[in-house]
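What follows is a single structure, written as structure tokens, with notes after it.
The values are calculated or read from the model by the stated rules, or taken from the named source; none is laboratory data. Quick caveat, the model's predicted, so the values are computed rather than measured. Cβ coordinates were reconstructed from backbone atoms using ideal geometry, including for glycine residues, and neighbour counts include every protein chain displayed. Protein only, heavy atoms only, side chains kept; ligands, DNA and RNA dropped before computing areas. Shrake-Rupley method; radii C 1.70, N 1.55, O 1.52, S 1.80 Å.
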Amino acid sequence: MKIAFCGKGGVGKSTIAALLCKALLDTGYEVLAIDADPSPHLGRLLGFSETEGLTPLSEMRELLAERAQKQGPYYTLNPRIEDLPERFMLTRDGLRLMVLGAIREAGGGCACPEQTVLRRLLSFLILQAREAVVVDMEAGVEHFGRSTVVPMDFILVVTQPYRGSLETTRQILRLARDLNLEKVVVVGNAVRGPEDERYLASFLGVEPVLSFPEDPEILRAEREGRSLLELESPSLERARELLEYLRRHGT
Ligand SMILES: Nc1ncnc2c1ncn2[C@@H]1O[C@H](COP(=O)(O)OP(=O)(O)OP(=O)(O)O)[C@@H](O)[C@H]1O
Ligand SMILES: [Mg+2]
């Protein structure tokens with residue numbers, strides 16, 4: 001299963017991505033988590049204290065080179081997660097972490113090369129039965145413009161019940177339709193009750209597949225720099241339900 005998290009800045013993409021990683025690990029999946037945010041946080045949420053020694057994924061370019069458009073892709077790697085070179089990832093208990101590492105210079109620079117590497121990696125990886133790739137995308141819609149999300153099995157658009165977040169979600173749903181992407185679903189976050197549920201659904205014209213509550217334990221863990229893999233809270237049950245949904249609707 002290849003799963004990407006998208007949505008407006010600060011809506012909880014990394015949080016829910018980390019909670020889903022936990023649900024996957026608890027269910028016996030091998031997980032490759034990819035932090036595709038140029039200002040990466042996912043590693044910390046997954047309890048990796050040090051990501052500095054990690055070679056960013058963007059340097060995998062030569063391994064995923066394309067010989068020429070017409071001749072198709074030319075890879076010097078095997079398409080299995082376990083064959084990806086060690087230097088690109090941190091590994092612990094069935095969990096692997098990679099960072100895209102698109103830290104751009106102030107005042108310029110386009111993320112196109114990084115997005116291309118990420119798209120190639122996502123298309124080329126062939127997953128075994130109990131393997132999952134979870135990608136925490138950069139906020140906004142750039143990866144839709146670059147089609148980075150095309151190889152995904154699921155695109156989860158994290159949405160909070162306020163207008164700014166909902167407008168970004170609406171834009172993402174429109175772009176997904178333009179790209180003929182099928183499995184694009186909305187996940188509510190920090191939803192405080194039925195009124196929030198109603199507002200969110202009526203604004204978008206679709207129901208979220210499920211919603212996470214506003215959870216003080218999540219915020220506390222983040223403030224204290226604790227891993228969400230150790231979180232004890234009802235939000236974890238939601239993450240398990242989310243995984244169940246994905247397994248039921250997956251290919
Ligand atoms: N359900 C929730 N309840 C309480 N706090 C939450 C919840 N979801 C996320 N948060 C908090 O909101 C903040 C932003 O969450 P997070 O970093 O996951 O968002 P993001 O969408 O990944 O942001 P960015 O776009 O900056 O990457 C964090 O402090 C996180 O702990
Ligand atoms: Mg984030």
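Remarks
- Condition met for Val149 (under 16 Å from the mean Cα position of the chain (by Cα) and either assigned to a loop (DSSP other than H, G, I, E, B) or free of Cβ contacts under 8 Å to residues at least 24 places away in the same chain (or both)): yes
- Of the numbered criteria (1) open to solvent by less than 20 Å² (accessible area, probe 1.4 Å); (2) within 15 Å of ligand 1 (Cβ to nearest atom); (3) in contact (Cβ under 8 Å) with a residue 60 or more places away in the chain, the one Lys22 fails is (1).
- Residue match in the range 13-34 (condition: of a type in the set (S, T, N, Q), within 17 Å of Ala132 (Cα to Cα) and more than 16 Å from ligand 2 (Cβ to nearest atom)): yes
- Checking each residue in the range 29-62 for being open to solvent by 60 Å² or more (accessible area, probe 1.4 Å) and more than 15 Å from ligand 1 (Cβ to nearest atom) picks out Glu30, Ser49, Glu50, Glu52, Gly53, Glu59, Arg61, Glu62.
- Where helices (runs of 4 or more DSSP H) fall entirely within the range 192-251, those with at least 3 residues that are away from ligand 1 (no atom under 11 Å from the Cβ), open to solvent by less than 60 Å² (accessible area, probe 1.4 Å) and closer than 24 Å to Ile3 by Cα are at 194-204, 235-249.
- Matching residues in the range 109-118 - criterion: being among the small types (Gly, Ala, Ser) and open to solvent by less than 40 Å² (accessible area, probe 1.4 Å): Ala111
- Selection count, the range 119-147, where residues are within 16 Å of ligand 1 (Cβ to nearest atom) and open to solvent by less than 10 Å² (accessible area, probe 1.4 Å): 6
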